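The block underneath contains the structure these notes are about, expressed in structure tokens.
The values are calculated or read from the model by the stated rules, or taken from the named source; none is laboratory data. As the structure is a computational prediction, the values presented were derived from the model and not from experiment. So basically every Cβ, Gly included, is an ideal-geometry build from the backbone, and we count neighbours across all protein chains shown.
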Amino acid sequence: MQRLKTRPQFQAAMAAGTVSRTAHFALHRMALVQSPAVKPDTGPGSQDPQALFGVGSLREQAWLGAMVPKRWARRSVTRHAIKRQIYAVGAEHELLLRQGAHVVRLRSGFDKRQFVSASSEALKRAVREELQLLFAEAGRRLARQAGAQPGATATATTTAQARP
């Protein structure tokens, strides 16, 4: 799985739209398709957003980025713990994420009274469970959109969730 690294990659993935939402997270997805013809460059800044993700086999891989704003998680240890959970759960659902650039964005904070420590098992468990729901909903939605190929996406989601 590739990680999003640059601001234009994050912006392109987020501009494509939201696939699923939970109480604290949103999943944005941009499908990466092979373009049969190369578009001519018409000037600076007119680059095709999909060109940011390489060509050939790079487009067939899963791309994932995590956005955990300081607004919703003040302490860096909390932000990093949430990002680790995002990447871990994303790796479990790698088959679902193929041929797409994805950004998981924290959209609201966790209650500080309920989760006192960033390293608490309760916070890690709550984040992981909510991320599992986020990816499961995304899998169902992508299966509906695929129409003719719902079995492939559903199988990927089931296989990824069955891993220990």
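Things to note:
- Among the residues making up segment 93-128, a single one is acidic (D, E) and either assigned to a strand (DSSP E or B) or within 19 Å of the chain's Cα centre (by Cα) (or both): E94.
- Which listed residue, of G90, G100, is among the small types (G, A, S), crowded, with 22+ Cβ neighbours inside 10 Å and out of contact with any helix residue (DSSP H, G or I) (no Cβ under 8 Å at 6 or more places or on another chain): G100
- Complete set of residues in segment 84-116 that are of a type outside the set (A, V, I, L, M, F, W, C), modelled with pLDDT of 85 or more and closer than 13 Å to G139 by Cα: G90, E92, H93, E94, G100, H102
- The number of residues in segment 129-139 being buried (at least 16 other Cβ atoms within 10 Å of the Cβ), out of contact with any Leu (no Cβ under 6 Å at 6 or more places or on another chain) and without any contact (Cβ under 8 Å) to a residue 60 or more places away in the chain comes to 2.
- Sub-7 Å Cβ pairs linking a first residue in segment 81-108 that is closer than 12 Å to M30 by Cα to a second residue that is of a type in the set (D, E, K, R), at least 6 apart or interchain, are R98/E60; Q99/R59; Q99/E60; G100/R29; H102/R29, ordered by first then second residue.
- Any hit, segment 117-129, residues being on the phi < 0 side of the Ramachandran plot, in contact with a strand residue (DSSP E or B) (Cβ under 7 Å, 6 or more places away or on another chain) and at pLDDT 90 or above: no
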